[in-house]
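Notes for the one structure printed next.
The values are calculated or read from the model by the stated rules, or taken from the named source; none is laboratory data. Small disclaimer: the values here were computed from a predicted structure and weren't measured. Neighbour counts run over all protein chains shown; Cβ positions are idealised from the backbone, glycine included. Note: accessible area is taken over every heavy atom of the protein model, side chains too, but ligands, DNA and RNA are not part of it. Shrake-Rupley method; radii C 1.70, N 1.55, O 1.52, S 1.80 Å.
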Amino acid sequence: MWTLLVVAVLALIWSGIQAWQNKKLKTELRLVQSQLDRDGLTGLFNEGYLKQALHREMERAIRTEGKNPLAVLFIDGDNFKQINDNQGHEAGDVALKQLANVLTGRIRDYDIAARNGGDEFVVILPNTTLVSAAGIAEDIRTTVAEKTEMKISIGVSYYPESCKNKSWKALLDESDQMMYRAKEMGGNRAVSTL
């Protein structure tokens, strides 16, 4: 009888240890995954996470037949090369971090800001109309101009109106094209589709 009781207690202790180790392992895996999804310099999401998130948000917008519109901002530094060349790469890194801080401070908790590489950034704005997205873009642009040395050009695209073929890649490309249009117009501005 005592032997069975001891075995039962040991089994309970063992299962508790296993559960604790599993929980600890899951926590560590989430931490590692979070680090893999982040840009090392800015702390924003990286390009890989950006593509996954944009695909997911585009599918949601399509599934709801446009009831949950989706906007994308494509942001590029107009004078980043000059900052790097004239003040050094440390100053360039500081400028990128400042831009990242402005982005995270000007968007909602469920919006997604990512560094797309170099001085390119993308912001995914779920459940956002084109008018609201254009306002957010202008707010980001003016705040960056006021609080940093950088000037930025922003392209704004929007599903469903500006992206009829229902592709996250097409939506991203459209915002990239709008960003280049902003640069062609002299930079330091936001340009949207439509």
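Among residues of region 89-101 that are surrounded by 17 or more Cβ atoms within 10 Å (Cβ to Cβ), those with a beta-carbon under 7 Å from a residue that is in a helix (DSSP H, G or I) at least six positions away or on a different chain give the pairs Gly92/Phe80; Gly92/Ile83; Gly92/Asn84; Ala95/Phe80; Ala95/Ile83; Leu99/Val144.
When Asn188 is tested against the conditions (1) open to solvent by less than 40 Å² (accessible area, probe 1.4 Å); (2) farther than 13 Å from Ala71 by Cα, the lone failure is (1).
Do we find a residue being touching a Lys or Arg at 6+ places or on another chain (Cβ under 7 Å) and open to solvent by less than 10 Å² (accessible area, probe 1.4 Å) anywhere in region 104-123?
yes
Residues of region 40-58 that are in contact (Cβ under 8 Å) with a residue 40 or more places away in the chain and open to solvent by 20 Å² or more (accessible area, probe 1.4 Å): Leu41, Thr42, Gly43, Phe45, Asn46, Glu47, Tyr49, Lys51, His55. In region 105-131, the residues that are at negative phi and among the charged types (D, E, K, R) form Cβ pairs under 6 Å with partners that are assigned to a loop (DSSP other than H, G, I, E, B) and open to solvent by less than 40 Å² (accessible area, probe 1.4 Å), at six or more places apart or across chains, as follows: Arg115/Asp39; Arg115/Thr42; Arg115/Leu44. Counting just the residues of region 10-39 that are within 27 Å of the chain's Cα centre (by Cα), at pLDDT 65 or above and open to solvent by less than 90 Å² (accessible area, probe 1.4 Å), which one comes out nearest to Trp168 (Cα to Cα)? Per the stated criteria, the residue is Asp37.
For region 144-166, a residue qualifies if it is within 18 Å of the chain's Cα centre (by Cα) and either in a strand (DSSP E or B) or surrounded by fewer than 18 Cβ atoms within 10 Å (Cβ to Cβ) (or both), and the qualifying residues are Ile152, Ser153, Ile154, Gly155, Val156, Ser157, Tyr158, Tyr159. Could you check, for region 84-95, whether at least one of its residues is farther than 18 Å from Asp39 by Cβ, assigned to a loop (DSSP other than H, G, I, E, B) and touching a Gly at 6+ places or on another chain (Cβ under 6 Å)? For region 84-95, residues farther than 18 Å from Asp39 by Cβ, assigned to a loop (DSSP other than H, G, I, E, B) and touching a Gly at 6+ places or on another chain (Cβ under 6 Å): absent.
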